[in-house]
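Note sheet for the following structure.
The values are calculated or read from the model by the stated rules, or taken from the named source; none is laboratory data. Keep in mind the model is a prediction, meaning the values are calculated, not measured. All Cβ positions, glycine included, derive from the backbone under ideal geometry; neighbour counts span all protein chains shown.
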Number of protein chains: 2
Amino acid sequence: MSASSDRNRRLVLAERPKGMVDGRTVRLEEKTTPEPGAGEALVRVRFLSIDPTIRTWMNDAPGYLPAIEIGDVVRGGGIGEVVSSGCERYREGDLVFGMTGWQDYAVVDEGAGAMQVLPAGVDPLVALSVLGVTGMTAYFGLIDVGRVAEGDTVVVSGAAGATGSVVGQIAKIKGAARVVGIAGTEEKCAWLTEELGFDAVVNYRTDNVGAKLRQLCPKGINVYFDNVGGEILDICLGQLALRGRVVLCGAISTYNEEGPVKGPGNYRNLIVMRGRMEGFLILDYFDRFPEAQLEMFGWVTEGRIKHSEHIVEGLENAPDALNLLFTGGNTGKVIVKLD
Amino acid sequence: MSASSDRNRRLVLAERPKGMVDGRTVRLEEKTTPEPGAGEALVRVRFLSIDPTIRTWMNDAPGYLPAIEIGDVVRGGGIGEVVSSGCERYREGDLVFGMTGWQDYAVVDEGAGAMQVLPAGVDPLVALSVLGVTGMTAYFGLIDVGRVAEGDTVVVSGAAGATGSVVGQIAKIKGAARVVGIAGTEEKCAWLTEELGFDAVVNYRTDNVGAKLRQLCPKGINVYFDNVGGEILDICLGQLALRGRVVLCGAISTYNEEGPVKGPGNYRNLIVMRGRMEGFLILDYFDRFPEAQLEMFGWVTEGRIKHSEHIVEGLENAPDALNLLFTGGNTGKVIVKLD
């Protein structure tokens with residue numbers, strides 16, 4: 001339990017970024033900390049979940065959620081502590097998970113789905129990574145959309161990221177014969193094979209991705225879990241096995257691009273191989289989180305799913321934390337820890 | 001029943017075409033007409049089914065079937081008449097359907113799946129179009145892959161072609177609220193709306209396809225049946241409705257291209273819309289043809305499915321007939337009638 005300050009620091013969108021987020025993208029504002037009304041609670045934000053999708057919300061473009069307006073607090077998920085409450089749903093001291101935004105304090109109402117109270121004993125870092133949206137994205141993307149099956153060859157890009165690293169481990173649990181991760185440094189590659197149990201890795205900065213994949217996946221790719229788009233998506237489409245599935249989770253290589261995005265010319269291989277390429281958004285799976293979180297919690301407890309968090313200190317460093325996702329500066333889940 | 005000549009004219013692949021098939025692509029050869037052995041029959045080819053996929057087999061590239069070898073008869077489906085038989089399966093005078101190749105005579109063996117005997121009373125032209133591979137492609141592609149549902153907005157490209165024209169009509173039968181065809185001449189567009197019951201059309205040569213589709217499909221596209229690839233695929237991906245399906249049937253706009261094919265940059269909309277893009281090949285559905293042909297035959301008899309054949313006379317004109325598919329010179333199914 002902690003007292004609240006009367007100053008609320010907020011990072012608001014100052015201008016729409018072209019390419020990477022920079023010093024002009026957000027502006028630090030101080031406002032008076034809001035007072036929670038009836039049916040509301042005041043939450044002191046403790047951790048921010050840094051996700052690639054936040055970058056897409058900064059564009060003035062249609063998406064699955066409206067763009068963040070200029071002058072609005074940057075949208076994003078996080079975990080906070082209830083510091084005062086005017087409702088029954090939240091009690092002082094509760095840790096709550098939801099869309100906190102990039103700010104010190106958020107007001108949350110007790111309406112359905114507003115924020116989830118974290119069960120006692122759950123580490124907030126785990127709640128934000130494997131049990132959170134990124135872990136759930138791996139779970140439903142691979143199992144539900146990718147229909148991973150025993151004996152499959154599974155390839156995942158952004159493999160050392162929060163979602164990719166979990167995808168590869170779930171694939172092994174589900175009996176995939178071969179799991180290949182694509183990442184951008186030797187350290188990441190070593191982590192994937194030595195710590196997480198990936199069968200093989202491709203370093204996209206130093207390897208010839210197409211040739212290496214062809215060697216590692218001689219029977220073709222049954223499931224490609226795509227976090228990056230671009231050239232790597234194209235290569236994997238060209239190496240699909242019969243009835244291969246491409247799970248479109250993200251396209252991080254394209255989020256900072258201006259103008260039209262280059263599409264994957266090998267999409268025609270979907271015809272030859274009777275393949276399927278399908279996109280999904282984790283928000284469609286919220287009602288199925290409990291079952292998945294339970295299973296995931298079991299795997300984590302048994303040590304079958306390992307996770308890593310990359311902690312960045314200080315609200316003001318949230319923009320730099322976001323950029324880590326695009327420069328590949330992180331291993332595992334990027335989380336901003338507020339003072 | 002007809003006597004056989006001792007000369008068999010055959011069109012063999014002389015060189016791999018770059019772009020459109022031309023005078024150098026195939027060579028007319030005359031060989032002695034083969035003698036059917038035990039378990040075989042000699043078939044006088046009467047009609048050739050001209051399909052875009054034949055063009056893909058002429059490339060020296062991996063596909064769902066091996067490339068046609070230089071010097072081999074051009075592969076292709078057709079209907080012929082059994083002129084002499086050394087087996088029980090085929091009797092003289094039977095019309096048989098199968099891979100005849102571009103030649104006057106083919107030898108067929110009685111092995112399973114070699115050639116199908118046409119039931120008495122079925123018009124060979126209908127057998128090659130709506131009841132044949134092109135009609136079946138429309139049927140399974142739209143129903144099985146596209147999962148067309150009542151109230152859907154369905155868009156089909158290559159709409160005046162053999163497959164596209166049937167796709168649109170089946171969509172109406174299945175309760176689609178709006179069926180929009182994309183074609184390349186005013187005559188074709190008029191045929192689609194006035195004869196076949198399409199709700200609306202886009203002339204891709206004269207209309208702004210993106211703007212017109214946006215106007216015609218204000219709620220977005222639930223099923224896009226793609227016969228053409230290229231720019232039109234990209235536009236339709238960009239206008240998908242929530243959980244929209246893109247059925248990849250062909251990519252005729254790209255088959256004559258050299259070098260890498262431009263991919264659809266709007267593929268990312270599959271994520272936003274939770275869409276699915278899936279390819280298929282009709283050869284996976286051969287065992288389900290009887291059910292579909294029965295249903296289709298009923299629709300044709302009731303006048304609910306109309307069809308059109310574009311007949312080209314003479315074996316030697318088969319290459320020109322193939323080119324019609326790429327220049328858009330045909331309405332409905334292109335069939336070569338042999339002398």
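Listing for the model above:
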quantity: Residue identified as within 28 Å of A:V272 (Cβ to Cβ) and in a loop (DSSP other than H, G, I, E, B) among B:R274, B:R288; calculated: B:R274
quantity: Which numbered condition B:N317 fails, given (1) within 14 Å of chain A (Cβ to nearest Cβ); (2) more than 16 Å from the chain's Cα centre (by Cα); calculated: (1)
quantity: Looking only at region B:271-299, and only at residues there that are farther than 30 Å from A:Y64 by Cβ and within 14 Å of chain A (Cβ to nearest Cβ), the one that is surrounded by the most Cβ atoms within 10 Å (Cβ to Cβ); calculated: B:I282
quantity: Filtered residue count, region A:1-56, keeping only those that are closer than 16 Å to A:A318 by Cα, without any contact (Cβ under 8 Å) to a residue 60 or more places away in the chain and among the hydrophobic types (A, V, I, L, M, F, W, C); calculated: 1
quantity: Hey, A:N227 more than 14 Å from chain B (Cβ to nearest Cβ), in contact with a strand residue (DSSP E or B) (Cβ under 6 Å, 6 or more places away or on another chain), among the polar types (S, T, N, Q) and in contact (Cβ under 8 Å) with a residue 60 or more places away in the chain or not; calculated: no
quantity: Selected residue (criterion: farthest from the other protein chains (Cβ to nearest Cβ)) from residues of region B:233-249 that are in contact with a Phe, Trp or Tyr (Cβ under 7 Å, 6 or more places away or on another chain) and over 20 Å from A:V145 (Cβ atoms); calculated: B:C236
quantity: Lone qualifier among A:G101, A:G39, A:G121 - being out of contact with any Phe, Trp or Tyr (no Cβ under 8 Å at 6 or more places or on another chain), surrounded by fewer than 23 Cβ atoms within 10 Å (Cβ to Cβ) and at pLDDT 95 or above; calculated: A:G101
quantity: Test: B:E15 is charged (D, E, K, R), modelled with pLDDT under 90 and in a loop (DSSP other than H, G, I, E, B); calculated: no
quantity: Unique match (being of a type in the set (G, A, S), more than 17 Å from the chain's Cα centre (by Cα) and at positive phi) among A:G175, A:G184; calculated: A:G175
quantity: Hits in region A:69-83 - residues which are touching a Lys or Arg at 6+ places or on another chain (Cβ under 9 Å), crowded, with 21+ Cβ neighbours inside 10 Å and part of a loop (DSSP other than H, G, I, E, B); calculated: A:V74
quantity: Some residue of region B:76-85 being hydrophobic (A, V, I, L, M, F, W, C) and more than 17 Å from B:D339 (Cα to Cα); calculated: no
quantity: Qualifying position, being buried (at least 19 other Cβ atoms within 10 Å of the Cβ) and either of a type in the set (S, T, N, Q) or more than 20 Å from A:R274 (Cβ to Cβ) (or both), among B:V247, B:V202, B:V228, B:V223; calculated: B:V202
quantity: Any hit, region A:282-302, residues being within 30 Å of B:G141 (Cα to Cα) and in contact with a Ser or Thr (Cβ under 9 Å, 6 or more places away or on another chain); calculated: yes
quantity: Residue satisfying condition, being touching a residue at least 12 places away in the same chain (Cβ under 8 Å), assigned to a loop (DSSP other than H, G, I, E, B) and closer than 20 Å to A:G298 by Cα, within set A:A159, A:A176; calculated: A:A176
quantity: Matching residues in region B:183-197 - criterion: being touching a Lys or Arg at 6+ places or on another chain (Cβ under 8 Å) and either closer than 15 Å to B:V154 by Cα or hydrophobic (A, V, I, L, M, F, W, C) (or both); calculated: B:L196, B:G197
quantity: Filter pass, A:L216 being touching a strand residue (DSSP E or B) at 6+ places or on another chain (Cβ under 8 Å) and surrounded by fewer than 21 Cβ atoms within 10 Å (Cβ to Cβ); calculated: yes
quantity: Unmet criterion (only one of (1) buried (at least 17 other Cβ atoms within 10 Å of the Cβ); (2) within 14 Å of chain B (Cβ to nearest Cβ)) for A:P17; calculated: (2)
quantity: Strands (runs of 3 or more DSSP E) contained in region A:84-151 and holding at least 3 residues not polar (S, T, N, Q); calculated: A:95-98, A:105-109
quantity: Selection count, region A:250-270, where residues are among the small types (G, A, S), under 18 Å from the mean Cα position of the chain (by Cα) and within 9 Å of chain B (Cβ to nearest Cβ); calculated: 2
quantity: Residue satisfying condition, being under 30 Å from B:I271 (Cα atoms) and small (G, A, S), within set A:G111, A:G86; calculated: A:G111
